[in-house]
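**Q** Just dropping this structure here.
A short reminder: the numbers here are calculations on the coordinates, not readings from a lab. Remember, predicted model here, so these are calculated numbers, not experimental data. Cβ coordinates were reconstructed from backbone atoms using ideal geometry, including for glycine residues, and neighbour counts include every protein chain displayed.
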Amino acid sequence: MIERASGIRLLDGPPTTTGSESLAEHQARLGARPSFRGGDLIAILEAAELRGRGGASFSTAQKWAAVRQRSRGNAVVVANGAETEPLSGKDRALMVLRPHLVLDGVLLAAEAVAASRAVLYISRAHEDAVRAMTSAIAERRGSDLPVPVTVVRAPRRYIAGQETAAIAHLNGGAARPTMVPPRPYDRGVDGRPTVVQNVETLAHAAVIARRGAAAYRSAGTQGATGTVLLTIAAAIHSPGVYELEGGSTIAQAVSAGGGATTSVAAVLVGGYFGRWVAAEDAWDLRLGVDVPLGSAALAIFPHGWCGVTQIAALVAFLARESARQCGPCEHGLASLAATTDELAGGRAKPRDAERLQRWIAQIAGRGACHHPDGAVVLLSSALRVFAADVNTHLRRGGCDRDQATLLPAPDWTIRGR
Amino acid sequence: MSSQVRVNPIRCDAYGMCAELLPERITLDDWGYPIIDSRPVGGQLLELARKAVAACPTAALRLAAEGEPSR
């Protein structure tokens, strides 16, 4: 497995304990950034089947082609490093450790879509990533910086990383999602055609530009080519960020993380925007193939913790983080949060559990963005996986299990290489 | 070409008039916001749909060509 991915890994290179790779180290290791005529790189990314790593898994080539087609040399590239997902640390780790690989990807995207500038949109909570990328840009001045690249700090709110929210913020407004159309490829930053691309995706593009589509595809599997950065959290021996081949199973991910610390009840795949899978169904699922990768964060949930307390904590978070623009999201998620809290506190009646199911069906698909959809997917999968816990709470007015939750963010330390 | 009713959920403020004027396509959720049935409106319904669109105090409702890729 390591062999197939050799040469195409984002975290190849110096030990991750030595911090940011310098421009000199980066170029000595990988050579200068290649350059492509016209949209040639887009065809290579298409052949590599690169998909976005920000959560939506959209074809990178298609996204770039749409912007290239509309650009009159004035497009904008937004490298999305907001990483507002609390369980994820991979974008931050990548920017801190391999800032020049990210920057290569930004510049290659700018070249491919005929952009006149680029913006790195990085969470204000991740100052280490802001510093690493700002230093990397400074190192390139006078050598390899064909378009201006600036760093803009993203608000901490969960929704701030959503692509139309990022554009709204970069246009001087609040970081809240907007209605589409106009889609970013038509009208984004300053009304120009805009690529909004997750920073990990850009780093993969920089690898593919050097190694070619065939080498990239030799790792991973159909539908999940190349490698993927995962964040593995909770009941795992070594929580942190790991680079695995695309299509690795959840069992392989857990094994990479040193194994579970205790008997596992369930796995949350894809972060707060993801879905719950019962442990016995989880191990053989291939990430990005059998189950959506989402934010690529995995939380290993042990037996002995209360699933209902967990559900209530996650739903409360998502309700708090609603942009409160759309009624079904603002009021719907508030109702879900209030009722799951009643359930966790042992005050809910069977009628309340039925109401949750009715609301799940009512809320889906009714926001301007997918925030409410993510919340109901998470909740409906949780109610299935933790059905026994829910019943215990309904019948006995609570339980005596551990009330711990996944809410604290994990250590982002790079572990697996 | 047939039309569909669409709602802009950011503009919508749950006045609920649309559901009274076009119950054939619009019901309200538990918080008073419209749930739109995406089946096309034609014939007599089209006139009622136009009235519902015109009546919305926040101009959140519109008629879109069927299959138009947006809300």
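**Q** Would you mind working out the magnitude of the charge dipole of chain B relative to its Cα centre, with +1 at each Lys and Arg C-beta and -1 at each Asp and Glu C-beta, to the nearest 20 Debye?
**A** The calculated dipole for chain B is roughly 240 debye.
**Q** On the principal axes of its Cα set, how long, how wide and how thick is segment A:1-110? Give whole Å, largest value first.
**A** For segment A:1-110, the Cα spread along each principal axis is 43, 35, 30 Å.
**Q** Now, a different point. A:Val151's amide H: which non-local residues (gap 5+, or another chain) put their own amide H closer than 5 Å, with H modeled 1.01 Å from N in plane and none for Pro or chain starts?
**A** Result for A:Val151 returns A:Leu120.
**Q** Give, in whole angstrom and from largest to smallest, the semi-axes √(5λ) of the equivalent ellipsoid of the protein assembly as shown, with λ running over the eigenvalues of the Cα gyration tensor.
**A** After scaling each eigenvalue by five and taking roots: 38, 31, 18 Å.
**Q** How far apart, in nm, are the 7 Å Cα→Cβ label points at A:Ser57 and A:Asn74?
**A** Here the modelled spin labels are 3.7 nm apart.
**Q** Near B:Arg50, within a Cβ-to-Cβ distance under 14 Å, what is the net charge of the other residues, with Lys and Arg +1 and Asp and Glu -1?
**A** Result for the neighbourhood of B:Arg50: +2.
**Q** Mean Kyte-Doolittle of at least -1.0 and a Cα length of 15 Å or more along the axis: which whole DSSP H helices of chain A meet both?
**A** Those that pass (Cα extent of 15 Å or more, hydropathy at least -1.0) are A:99-113, A:127-140, A:199-211, A:307-320, A:327-344, A:350-363, A:371-385.
**Q** Percent antiparallel among DSSP beta bridges with both residues in segment A:41-187, to the nearest 5?
**A** 5 percent
**Q** Charges on Cβ only, +1 for Lys and Arg, -1 for Asp and Glu, centred on the Cα centroid of the protein assembly as shown; of A:Gly345, A:Ala154, A:Leu314, which one is farthest towards the dipole's positive end?
**A** Among A:Gly345, A:Ala154, A:Leu314, the one farthest towards the positive end of the dipole of the protein assembly as shown is A:Ala154.
**Q** Give the angle, between 0 and 90 degrees and rounded to the nearest 10, that separates the Cα long axis of helix B:43-55 from the longest principal axis of the Cα atoms of chain B.
**A** Approximately 40 degrees, to the nearest ten.
**Q** Okay, moving on. Contact order normalised by length for segment A:99-228, with contacts defined as Cα pairs under 8 Å and 6 or more residues apart; what percent is it?
**A** Answer for segment A:99-228 is 23 percent.
**Q** Then there is this: Would you list A:Met95, A:Met133 from fewest to most Cβ contacts within 10 Å?
**A** Starting with the residue having the fewest Cβ neighbours, the order is A:Met133, A:Met95.
**Q** Which one of A:Ala75, A:Ser135, A:Leu108 is farthest out on the positive end of the charge dipole of segment A:18-147, using unit charges on Cβ (Lys, Arg +1; Asp, Glu -1) and the Cα centre as origin?
**A** Positive-end residue among those listed: A:Ala75.
**Q** Which percent of the Cα-Cα distances in segment A:264-377 go past 18 Å?
**A** 53 percent
**Q** Quick check: Cα centre of segment A:333-399 to Cα centre of segment A:193-224, how many Å?
**A** Cα centroid to Cα centroid, the span is 38 Å.
**Q** With +1 on each Lys and Arg Cβ and -1 on each Asp and Glu Cβ, how big is the dipole of the protein assembly as shown about its Cα centre, in debye rounded to the nearest 20?
**A** The dipole magnitude comes to about 900 debye.
**Q** Here is a further query. Amide H to amide H, which residues 5 or more places from A:Ile236 or on other chains are under 5 Å from it, using H placed in the peptide plane?
**A** Hits under the 5 Å cutoff: A:Thr261.
**Q** In a shell of Cβ-Cβ distance under 14 Å around B:Met17, excluding B:Met17 itself, what net charge do Lys and Arg (+1) and Asp and Glu (-1) give?
**A** The answer is +2.
**Q** Just to confirm a number: summing +1 for Lys and Arg and -1 for Asp and Glu over residues other than A:Arg124 whose beta-carbon lies under 10 angstrom from that of A:Arg124, what do you get?
**A** So the surrounding residues net to +1.
**Q** Using the alpha-carbon centroid of each, what span in Å lies between segment A:1-38 and segment A:154-190?
**A** About 31 Å separates the Cα centre of segment A:1-38 from the one of segment A:154-190.
**Q** Output the Cα-based Rg and Dmax of segment A:208-261 in Å, rounding Rg to one decimal and Dmax to a whole number.
**A** 12.8, 40
**Q** Can you give the log10 of the normalised intensity I(q)/I(0) at q = 0.14, 0.16, 0.19, 0.23 Å⁻¹, computed with Debye over equal Cα scatterers of chain B?
**A** -0.35, -0.46, -0.65, -0.97
**Q** Here is a further query. Within the P(r) computed for segment A:107-208, what percentage of the Cα pairs occupies the region above 21 Å?
**A** The share of Cα pairs beyond 21 Å in segment A:107-208 comes to 35 percent.
**Q** At 10 °C and 1.306 mPa s, what whole-number value in µm²/s does Stokes-Einstein give for the translational diffusion of segment A:313-370, with Rh from the Kirkwood sum over Cα pairs?
**A** Reported coefficient: 137 µm²/s.
**Q** At A:Phe36 and A:Thr261, where each label point lies 7 Å from the Cα along Cα→Cβ, what is the point-to-point distance in nanometres?
**A** The answer from the label model is 4.3 nm.
**Q** A:Arg183 versus B:Leu46, label points 7 Å from Cα toward the beta carbon: distance in nm?
**A** Simple spin-label model gives 2.8 nm for this pair.
**Q** Now for a different question. How much of the DSSP beta bridge set in segment A:198-319 is antiparallel, as a percent to the nearest 5?
**A** So the antiparallel bridges in segment A:198-319 amount to around 80 percent.
**Q** Related question: Where does segment A:334-406 land on Rg(C-alpha)/(2.2 N^0.38 Å)?
**A** Dividing the Cα Rg of segment A:334-406 by 2.2 N^0.38 Å gives 1.13.
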